[in-house]
Amino acid sequence: MKILVLGATGGTGRLIVRDAVAKGHSVVALVRSTARADLPGAELIEGDARNESVLERALDGCDAVVSALGTGIGFREVSLLAEATRALVTAMTRNGVRRLVCISALGVGDSRGHGGFVFDRLFQPLLLSQAYKDKDRQEAAIRASSLDWVVVRPAMLTDDPARGSVRTVTDLAGVNGGKIARADVARFVVEQLTADTWLRRTPVLMW
């Protein structure tokens, strides 16, 4: 399978590229700068993920897309995720690419209020409010599409070694935070490229 990865130079994105290449997939990575991207085994295309024409060029011959785009902590309004996702949905529709696996986060949409006391009362409203509003808009754009999508909502990401197994839930009763290794998220995301178990659903991942 040939896949396009957005956000490939991020902490989780790099692991997604590595896992996908190891599993025999052909990987195209859309990056801001090819000179600064170190992604062994991937074909690099330089450009802005919000640009439809760039996305259409990157999608040539692809069967699926992974979005691992993210935004940092800050108080200013951000719109990268929503803008890039709207452009991506349009480009994928035009190119006949149907499978999209997108990384969101625990605390987005109907998972809000399940991040644990400190996260829900302090971090999300004070430091991540704008980023999570952008993630909400991103998820809305995906839900409104006709694509075959999976939106993955990991708990707090860590750089711990992978455990090889994750707890995957959509019923959030009793869920109050948690954590998960980026490596385990990457493995799960790559698996969703060819599996329909979580199609058009928003599973939360944690240990």
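The values are calculated or read from the model by the stated rules, or taken from the named source; none is laboratory data. These numbers come from a predicted model, not from an experiment. Note that each Cβ is placed from the backbone with ideal geometry, even for glycine, and that neighbours are counted across all protein chains shown.
Numbers below:
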read-out: Members of the range 55-99 that are in a helix (DSSP H, G or I) and among the aromatic types (Phe, Trp, Tyr); value: none
read-out: Test: residue in the range 101-110 that is modelled with pLDDT of 95 or more and more than 21 Å from residue 206 (Cβ to Cβ); value: no
read-out: Filtered residue count, the range 148-176, keeping only those that are free of Cβ contacts under 8 Å to residues at least 24 places away in the same chain and over 24 Å from residue 71 (Cα atoms); value: 5
read-out: Count of the range 142-188 residues which are outside any loop (DSSP other than H, G, I, E, B) and either touching a His at 6+ places or on another chain (Cβ under 7 Å) or acidic (Asp, Glu) (or both); value: 2
read-out: Flag if residue 198 is surrounded by fewer than 16 Cβ atoms within 10 Å (Cβ to Cβ), out of contact with any Cys (no Cβ under 7 Å at 6 or more places or on another chain) and not basic (Lys, Arg); value: no
read-out: Residue 88 being of a type outside the set (Gly, Ala, Ser), at pLDDT 95 or above, buried (at least 23 other Cβ atoms within 10 Å of the Cβ) and touching a Phe, Trp or Tyr at 6+ places or on another chain (Cβ under 6 Å); value: no
read-out: Unmet requirement for residue 130, which otherwise passes all of (1) part of a helix (DSSP H, G or I); (2) more than 23 Å from residue 10 (Cβ to Cβ); value: (2)
read-out: Neighbours by Cβ (under 7 Å, 6+ apart or cross-chain): first from the range 177-206, closer than 17 Å to residue 100 by Cβ; second in a helix (DSSP H, G or I) and of a type in the set (S, T, N, Q); value: 185/12; 186/12
